[in-house]
Amino acid sequence: MDCPVLGRYIVFPVVSNLYRKESSGQAPRSNSSTSSQAQPPELEYPTEELWDVYVTYLRSTTNVSVRLIGSDYSERFDDLSSDMDVHYYDKAAIPGVGRPEIGKLYAAHVSSDWHRVKVVELRGIQASCFFLDHGDQDTIPVEDLREIAPKFLELPAQAI
């Protein structure tokens with residue numbers, strides 16, 4: 001990591017097979033759901049050598065989640081977030097998820113915002129979810145999950 005300007009950092013990756021791009025220019029496919037649910041397309045990485053990123057979650061000094069910044073990324077993600085907030089605005093009018101499934105994608109209401117999540121574990125009325133666009137994991141009440149509208153699966157998961 002380098003800090004050429006106060007408050008701005010350059011993070012240099014340690015390349016491993018897990019994160020190395022395949023020859024197609026796409027990231028390796030993560031574990032996908034066993035259901036027939038549509039999945040977001042793969043995120044296309046910039047071709048430039050240096051990327052502008054926003055750090056979304058920091059697990060340790062060697063395990064960081066980021067989201068790409070730029071006209072091809074930020075605007076599309078902001079639009080998705082706004083559209084989800086409008087679509088799910090009347091949370092009470094949208095039926096909840098009766099029995100969530102591990103590996104399935106949902107819309108989740110957390111801290112007054114709607115997020116795209118993948119359920120990774122269920123414990124009674126709590127669901128442990130991976131946040132597709134932030135790269136973190138959190139436990140939320142099942143009552144805060146809603147079926148995700150297919151239009152919200154058109155944008156690739158943003159967390160890298």
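The values are calculated or read from the model by the stated rules, or taken from the named source; none is laboratory data. Just so it is clear, the structure is predicted and the values come from calculations on it, not from any experiment. Glycine gets a Cβ as well: all are built from the backbone with ideal geometry, and neighbour counts include every protein chain shown. Keep in mind that these areas ignore ligands, DNA and RNA; they rest on the heavy atoms of the full protein, side chains included. Shrake-Rupley method; radii C 1.70, N 1.55, O 1.52, S 1.80 Å.
The residues on offer are Ser36, Ser32, and the sole one that is among the small types (Gly, Ala, Ser), at pLDDT below 95 and closer than 21 Å to Gln158 by Cβ is Ser32. Quick check, is Val142 at pLDDT 95 or above and open to solvent by less than 10 Å² (accessible area, probe 1.4 Å)? Taking the combined requirement at face value, the residue does not satisfy it. Taken residue by residue, the stretch 76-89 has no member that is part of a strand (DSSP E or B) and touching a Phe, Trp or Tyr at 6+ places or on another chain (Cβ under 6 Å). Candidates in the stretch 56-94 are the residues that are more than 21 Å from Ser112 (Cβ to Cβ), of a type in the set (A, V, I, L, M, F, W, C) and in contact (Cβ under 8 Å) with a residue 12 or more places away in the chain; of these, the one that is surrounded by the fewest Cβ atoms within 10 Å (Cβ to Cβ) is Ile69.
Mind listing whichever residues of the stretch 33-54 are open to solvent by 80 Å² or more (accessible area, probe 1.4 Å) and without any contact (Cβ under 8 Å) to a residue 60 or more places away in the chain?
If the condition is that a residue be open to solvent by 80 Å² or more (accessible area, probe 1.4 Å) and without any contact (Cβ under 8 Å) to a residue 60 or more places away in the chain, then Ser36, Thr47, Glu48, Glu49, Leu50, Trp51, Asp52, Tyr54 are the ones that fit.
Pairs linking a residue in the stretch 101-122 that is in a strand (DSSP E or B) to a residue that is among the small types (Gly, Ala, Ser), with Cβ atoms under 6 Å and 6 or more positions apart or on different chains, are Trp114/Ala107; His115/Ala108; Val117/Ala108; Val119/Ala127; Val120/Ser128; Glu121/Ser128.
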